[in-house]
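Some notes on the structure that comes next.
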Amino acid sequence: MILKCFNLKKIVLPVLVLIISGQGAFAAGNAAGFTAGGCVQAVQESDVEASVLLGLTYKRETFPFYFYAGSAFSGIKPDNIFVSFDYHLFDSVIGSSFVHWYTGPGFSLGYDFDEGAFIPELRLVLGTGYFVSYGVEVFAQIFAEGGMQIADSKSFCGSMNAEAGIRFYF
């Protein structure tokens, strides 16, 4: 229903076909995928809100920057949209397994539709990933964000987030 509502199937389906067609590659290159999770956020002098997060993710194995674009929903329509960039200072394999963990700082820029506000935030990410096969990684991460909501006035804001996703290497 969300795909129909936002007419995203024209974008998501071709991307999915491209990702799946590159499954012969191994986990050393580019990766793109999908994420879903939850968020609890608070804005200065406002109520605490909970939202569902949906997004797209991209990473390149030879460069420790990760890109994420998504939206937060508390109903059918999105509450906000955002893009973020994370720099993984540590990304280590646990023992001799296919499991790795990562952590590092990041930056996020969002726009809140209800408030008409831009939201620049700093992030701290902690996550783990598991390579199901050479071309598929499932992952889970938590991250804290803190920043400022900028509209007619400025308010401090922060959130705790948890999400899981899947990345396909090509």
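The values are calculated or read from the model by the stated rules, or taken from the named source; none is laboratory data. If you're wondering where the values come from, they're calculated on a predicted model, not measured in any experiment. Note that we place each Cβ from the backbone using ideal geometry, even for glycine, and neighbour counts take in every protein chain shown. Please note that ligands, DNA and RNA were not included when accessible areas were found on the heavy atoms of the full protein model with its side chains. Shrake-Rupley method; radii C 1.70, N 1.55, O 1.52, S 1.80 Å.
With charges only on Cβ, +1 for K and R and -1 for D and E, what is the dipole size of the range 103-170 about its Cα centre, in debye, rounded to 20? Present the calculation step by step, with values, prior to reporting the outcome.
Details: 3 positive and 8 negative charges, 63 e Å.
That gives a dipole near 300 debye.
Note down the relative contact order for the range 36-170 as a percent, whole number, built from C-alpha pairs under 8 angstrom at least six residues apart.
Numbers: 348 pairs, mean separation 28.7, N = 135.
It rounds to 21 percent for the range 36-170.
Couplings for the range 78-91, taken from phi via the Karplus curve 6.51 cos²θ - 1.76 cosθ + 1.60 with θ = phi - 60°, read x, 7, 7, 10, 7, 10, 9, 10, 10, 10, 8, 5, 10, 8 Hz in order; Gly and Pro are left as x.
May I ask you to give the percent of accessible area on the range 86-170 that is carbon plus sulfur, with a probe radius of 1.4 Å? Walk me through the intermediate numbers first.
Working: 3140 of 4500 Å².
With neighbouring chains kept in place, the figure for the range 86-170 is 70 percent.
Which value in Å is the Kirkwood Rh of the range 100-151 over different Cα pairs? Walk me through the intermediate numbers first.
Numbers: mean 1/r = 0.0780 Å⁻¹.
12.8 Å is the Kirkwood radius here.
Put simply, the Cα atoms of the range 66-140 extend 49, 26, 17 Å along their principal axes, the longest span coming first. Take every Cα pair under 8 Å whose residues are at least 6 apart in sequence, average their separation, divide by the length of the range 20-113, and the relative contact order is 19 percent.
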